[in-house]
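For reference, the structure is listed below as C-alpha cells.
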Amino acid sequence: MSRVAFSAAMTEQVDIAARRHLIRADGQEDLCFALWRPSDGHSRRTALIQDLILPQEGERHVHGNVSFASSFFERALAEAAAAGAGLALLHSHPLGRGWQGMSRDDIAAESGNAGGVRGATRLPLVGLTIAGNDGAWSARFWERTAPRRHERRDCGTVRVVGDRLRLTFMDHLAPPPRATAAQVRTISAWGEKKQKDLARLRVGIVGAGSVGGFIAESLARTGFEDVVAIDFDTIEEKNLDRLLYATRKDVNHMKVEVLAERLELCATAERFSVEAAAAAVYEERGFRAALDCDILFSCVDRPWGRHVLNLIAYAHLIPVVDGGVAIAQNRRGEISKADWRAHTATIGRPCLHCLGQYNVGHVQMEREGHLDDPTYIEGLHRRHVLRAGENVFAFSMACASLQNLQMLALALAPLDQPNPGSQLYHFVGGFMEEPKFGTCDEGCAFPAMTAQGDHCGFVVTGARPAVAAR
C-alpha cells in the first residue's frame, strides 16, 4: 500500500485524561506514554491513541522541561509489546497554542528512542504534543528509512472524537482555505474560522444514490475541499427521477464518476478534490478509501454496508452520519407511511445496530448473495424490511438535509450543542418525533472495539456477491 499522509486520532475520554495529566497547574511541561493501533486507509495511516501509561514515582523528572527515566521507557515498551500495540510519547507545551513545532530536546527524545520502539513493537514511534493554552494536538510518526535511521513524518491532522468532532490541522500540510466570493453567505452564518476548519475535513459519501447525491452537492457548494465518493453501481433510467446530478446521457455510466464530474462544476472552493472510488464499502478498495476520511455519510440501503460503517465509527474513530427513508402503501395503493431519519454513530452515542438500522443476520444473507436473488426477495412478506420501496426525490432531499444538519452540529457545535439526537420525521401526519439520546445497549460488541483499528479482530470486507458468482 502506498501511503502519502499520516494522522492521529483519539477519543474524547483519552483527550480529557491526557489534558488532566499533561497540562499542569504549575505551568511546567509533563509527559506520558500511550499505546496506539494502526488504521490504514488507501492513502493515509492513522495512529489511534488509547490506554495512557502514566509515570510512577521517580519515572520522570519535571524541571521546567521534562525528561523520563529509562525505567519508565522500558516499562511502557514492555506494555506495548505485550499488547501487540505501538508506543506513543505524549508531552505538553504549557504556553503553546495551535499546532506545535519541535525543540531540539523534543527531537532528540523521540528520534533517539524510535529504533528501540520499532524493534520491540514493529511499529513506528508516534510523538504527540498538546498546547497548554487551547488543548490543540500535533503529531508525527518516526518512520524507519534506513538501518539506524528514522525520519519524522508530520501528521496533517489530529482528531478528537466523541460527542463532538474536533480537529487540529498542520497548516503546512493542510493549508487553511481562502474564502471565495461564492462563499460569502455561507461564511456569514458561522464565521471564517469555523469555515476554515469545516472545509478542511475529508468527507466520505458512501452510496452515490439520491440521498448521497444531494449531500455531495451540498458539501461542494458549502466550500468543502476534499470529498470521497464510494459506490460500485451504474446509473439506470429508473434512477433519473431522483438523482440530482444525472441526465439521460449518463445512463450506464458509473454513479461515482458522473457525480465527481458534477461536483467539479459546482464546487466553490479554490482547491477542490473529489475521489471517485468505484467499489462497495465492504470491498477492500472501498473500505480503505473510507478509512482515509475524517467523517462519513452513510447513504446505503443494504445491511452489509451499514455493518462495515458501524465498525468504522468505533474501531477506527471516524463518525458516521446515517439516515434513510421508509415508504409504505395501503391496500388501495395509497401512501400510508413516509418516514425519514438521521443520526450520528460515534463514540458515546448508540451504534447503527442498537438504533435498529440493520439486522446482523441480514448481513450474512447479503454476503451469500440472497439479496441479489429476485426469487428470494419475492418470497419475503411485502412489508419485510428488505423489500422496502424505492425512494422519491422529495423524500431524498429531506433526508439529505437532516443528515447534513447532523454533520454540521457535530463539527460546529453551535453554542456547545453538537448532538441533536436521533431524529425521525413522519410525512404522513407531518411531525418530528422527540429526538432520542443514549448509548449502546448493554452487551453491544462495538464499543469494545473502540480505537482498535486494524487490530479489532473482525474481518468485514469481502467480494461483492455478483462478482464472486462470476
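Here is how the numbers come out for the structure above:
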read-out: First in region 290-305 and in the same structural domain as V320 (by TED's automatic domain parsing), second anywhere and at pLDDT 95 or above and of a type in the set (D, E), Cβ under 7 Å, 6 or more apart; value: L291/D40; S298/D322
read-out: Test: residue in region 416-429 that is outside any strand (DSSP E or B), buried (at least 19 other Cβ atoms within 10 Å of the Cβ) and under 20 Å from the mean Cα position of the chain (by Cα); value: yes
read-out: Close pairs (8 angstrom Cβ cut-off, 6 or more residues apart or separate chains): farther than 10 Å from D233 by Cα in region 251-262, at pLDDT 95 or above and of a type in the set (S, T, Y) anywhere; value: V258/Y245; L259/Y245; R262/Y245
read-out: Complete set of residues in region 441-450 that are of a type outside the set (A, V, I, L, M) and touching a Leu at 6+ places or on another chain (Cβ under 9 Å); value: F446, T450
read-out: Region 296-316: number of residues that are in contact with a Lys or Arg (Cβ under 8 Å, 6 or more places away or on another chain) and either within 24 Å of V158 (Cα to Cα) or part of a helix (DSSP H, G or I) (or both); value: 2
read-out: Tally of residues being buried (at least 16 other Cβ atoms within 10 Å of the Cβ) and without any contact (Cβ under 8 Å) to a residue 40 or more places away in the chain across region 223-233; value: 0
read-out: In region 106-137, residue surrounded by the most Cβ atoms within 10 Å (Cβ to Cβ) [restricted to those that are free of Cβ contacts under 8 Å to residues at least 40 places away in the same chain and among the hydrophobic types (A, V, I, L, M, F, W, C)]; value: L125
read-out: Those strands (runs of 3 or more DSSP E) lying entirely in region 1-95 with at least 2 residues surrounded by 21 or more Cβ atoms within 10 Å (Cβ to Cβ); value: 5-11, 31-40, 44-53, 86-93
read-out: Any chance D292 is at pLDDT 95 or above, touching a His at 6+ places or on another chain (Cβ under 7 Å) and closer than 23 Å to F393 by Cα; value: no
read-out: Qualifying positions in region 150-194 - in a helix (DSSP H, G or I) and among the hydroxyl-bearing types (S, T, Y); value: T186, S188
read-out: Test for R140: is it touching a Gly at 6+ places or on another chain (Cβ under 7 Å), in a strand (DSSP E or B) and buried (at least 19 other Cβ atoms within 10 Å of the Cβ); value: yes
read-out: Number of the exception - V325 against (1) aliphatic (A, V, I, L, M); (2) in a helix (DSSP H, G or I); (3) in contact with a helix residue (DSSP H, G or I) (Cβ under 9 Å, 6 or more places away or on another chain); (4) over 12 Å from I205 (Cα atoms); value: (2)
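Listed here are the residues, each with its yes/no results for (1) part of a helix (DSSP H, G or I); (2) of a type in the set (K, R).
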{"residue": "K196", "(1), (2)": "yes, yes"}
{"residue": "V203", "(1), (2)": "no, no"}
{"residue": "G212", "(1), (2)": "yes, no"}
{"residue": "S218", "(1), (2)": "yes, no"}
{"residue": "A229", "(1), (2)": "no, no"}
{"residue": "K238", "(1), (2)": "yes, yes"}
{"residue": "D241", "(1), (2)": "no, no"}
{"residue": "A246", "(1), (2)": "no, no"}
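The values are calculated or read from the model by the stated rules, or taken from the named source; none is laboratory data. Everything quoted here is computed from the prediction, not taken from an experiment. A quick note on method: Cβ atoms are made from the backbone with ideal geometry, for glycine too, and the neighbour counts reach across all protein chains shown.
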